[in-house]
Amino acid sequence: MPVIPSVIVRDRDNSSGEIDKSKLLLVEGKDETLFFEAFFKKNEHLNGQLGGDIQIIEMGGVDKFKTELPALINRTGFSDKVESIAIIRDADNNFESAFQSICAILNRHGLPHPTEHSTYSSRNNLKVGIFVMPGNSEGGTMLEDLCLRTQIDNPIMNCVNSFFSCLEGIDIEMPRNIAKAKSQVFLAAMPKIVSSLGIGANKGYWDLNHDSLMGLSNFLVDL
């Protein structure tokens, strides 16, 4: 039987783990939870739009969606309270495959699913939408790519890029995930070093009102 995914409520008032909000945001893990908590608070487009009626739920990684989603459907409060769900995952190796993978899981469990990225579909009083990071109009494969784009004009990024250009010029094995590596180097240059992208968002190290995040904020406003 699938393990019930942990539930993190934006207002931190719910310690029972039950669903008591009408809007759910499903994300891969803790780092994404921290990022979106900051995003809802600091993005001018989103702040106050959802009235605090949202739960951010960690699914435990992209591979866990197929097992944790059915557990979530059976969770106390789901059928009585939930009106809309936004699902956000990284593109990883293939944007379209990532989107279709979530659609297939939703379809398997009788839930509505959109036919296009960054949109919602409704059926039986339930609305479900899918956003694949970093967005179909943006290059990259994950949230880190989107965050790095918010600092594209920051002079520190010149140093970050120079560092990786230097690494390419010597005989070493390069990091397998350049976006994650670059985000860590950028965060290491901040006044108070933090260990993760999500904590960096809470510290204000990413520009959460940058134009590159408009597609993501538009998607969440519709939640």
Practice problem: May I ask you to order 31-43, 143-155 by the average number of other C-beta atoms within 10 Å around their residues, highest value first? | Solution: 31-43, 143-155
Practice problem: Under a cut-off of 17 Å between alpha-carbon atoms, report the aspartates and glutamates in cross-link reach of K21, not counting same-chain residues fewer than 8 places apart. | Solution: D11, D13, E37, D53, E58, D80, E83, D222
Practice problem: Figure the gain on full extension for D80 and D53 (residue separation times 0.36 nm, minus the Cα-Cα span) and round it to one decimal in nm. | Solution: 8.3 nm
Self-check item: Sequence-distant residues sharing a close amide H with A86 (under 5 Å, placed H)
Solution: L24, L25, L26, G129
Self-check item: Stretch gain in nm, segment D171-S122, where the contour uses 0.36 nm per residue and the Cα spacing is subtracted
Solution: 12.3 nm
Quiz item: Of K66/K180; K42/K192; K66/K127; K30/K192, which pairs sit farther than 22 Å apart, going by alpha carbon to alpha carbon?
Solution: K66/K180
Quiz item: Of the peptides 105-115, 165-175, how do they stack up when ordered by the mean number of other Cβ atoms within 10 Å, highest first?
Solution: 105-115, 165-175
Quiz item: Accessible area per residue of the chain at 1.4 Å probe, in Å²?
Solution: 49
Quiz prompt | the chain - share of DSSP beta bridges that are antiparallel (%, nearest 5) | solution = 35
Self-check item: Cα long-axis angle, helix 178-188 against the chain (0 to 90 degrees, to the nearest 10)
Solution: 70
Quiz prompt | Sorted peptide list for 202-213, 64-75, criterion being average Cβ within 10 angstrom, highest first | solution = 202-213, 64-75
Practice problem: Could you point to the label whose value was computed as Cα extents along the principal axes in Å for the structure here, given (1) 52, 40, 34; (2) 56, 33, 30; (3) 49, 45, 42? | Solution: (2)
Quiz prompt | Rounded to whole Hz, the Karplus (6.51, -1.76, 1.60) HN-Hα couplings of the range 207-223, x for glycine and proline | solution = 7, 7, 10, 5, 4, 5, 9, 4, x, 5, 5, 4, 4, 6, 4, 6, 4
Self-check item: Sites N154 and K41 - FRET efficiency at Förster radius 22 Å, r taken between beta-carbons, to 0.05
Solution: 0.55
Exercise. For the range 165-173, take each phi angle, set θ = phi - 60°, evaluate the Karplus expression 6.51 cos²θ - 1.76 cosθ + 1.60, and give the result in whole Hz per residue in order, putting x for glycine and proline.
Key: 5, 5, 4, 5, x, 10, 8, 9, 7
Quiz prompt | Nearest 10 degrees, 0 to 90: helix 30-42 Cα axis against the chain principal axis | solution = 90
Self-check item: Extension gain (nm, one decimal) between R108 and K30, 0.36 nm per residue minus Cα-Cα
Solution: 25.5 nm
Exercise. Set the Förster distance to 41 Å, then compute FRET efficiency between I73 and N136 from the Cβ-Cβ distance, nearest 0.05.
Key: 0.90
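The values are calculated or read from the model by the stated rules, or taken from the named source; none is laboratory data. This structure is a prediction, so every number in the text was calculated from the model and none was measured. Neighbour counts run over all protein chains shown; Cβ positions are idealised from the backbone, glycine included. Only protein heavy atoms, including side chains, enter the accessible area calculation; ligands, DNA and RNA are left aside. Shrake-Rupley method; radii C 1.70, N 1.55, O 1.52, S 1.80 Å.
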